[in-house]
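This report concerns only the one structure given below.
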């Protein structure tokens with residue numbers, strides 16, 4: 001299965017997530033950028049993910065809604081830099097953090113070597129309080145479950 005590390009150094013504004021997939025870059029990229037594939041892996045399996053908007057291009061917007069019964073979570077942002085098979089820079093906002101304005105900047109790079117793809121995401125928050133608040137929502141558990149689902153979806157080799 002995919003190997004993932006999450007680093008959130010005390011006193012810093014960043015969360016760094018590095019995942020290595022034993023799969024080709026093209027398959028990984030498609031799973032991240034195809035609105036038909038993304039709901040199959042994004043977040044915990046107990047939620048149904050609806051892609052309300054996903055325009056993966058410079059200046060495009062995205063909006064995902066996760067639902068489990070009465071439990072509903074909404075996420076949205078703007079794509080600032082999309083370089084196919086290489087990089088996505090986007091904003092990310094989780095609406096349930098309370099007041100609007102708790103935005104982070106996600107910089108994700110995709111690299112393949114010998115059929116192994118490494119995805120590195122650096123999430124930069126405006127404040128340490130925002131960063132810690134996001135971590136305390138259960139972000140890591142949902143992220144890890146989503147990565148495991150993604151690995152199965154792309155047919156990752158053991």
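Under the classification rounded if a/c is under 1.5, otherwise prolate if a/b is larger than b/c and oblate if not, where does segment 10-53 fall, given a ≥ b ≥ c as square roots of the Cα gyration tensor eigenvalues?
It is oblate, given that a/c is not under 1.5 and a/b is not larger than b/c.
Within segment 32-75, whose backbone N sits under 18 Å from a point 7 Å along Cα→Cβ of residue 6?
41-47, 66, 73-75
222 nm [θ] for the chain, helices only, -39500 (n - 2.57) per DSSP H run of 4+, per residue, to 500?
The per-residue figure over the chain is -6000 deg cm²/dmol.
Test of understanding: what is the full-extension gain from residue 109 to residue 78, defined as 0.36 nm times their sequence separation minus their Cα-Cα distance?
In short, 9.5 nm is gained.
Which of 148, 132, 71 moves the most in a Gaussian network model of the chain with Cα springs under 10 Å?
Among 148, 132, 71, the largest mean-square fluctuation in the Gaussian network model of the chain belongs to 71.
How far, in degrees from 0 to 90, does helix 139-153 lean away from the longest principal axis of the Cα atoms of the chain, to the nearest 10?
Approximately 30 degrees, to the nearest ten.
For segment 36-158, what is the convex hull (Cα atoms) projected area averaged across all directions, in square nanometres?
So the mean shadow area of the Cα hull is 8.2 nm².
We did not get these values from a lab; they are worked out from the coordinates using the rules stated. Quantities reported herein were computed from a predicted structural model and do not represent experimental measurements. Neighbour counts are summed over all protein chains in view; Cβ atoms, including those assigned to glycine, are modelled from backbone coordinates with ideal geometry.
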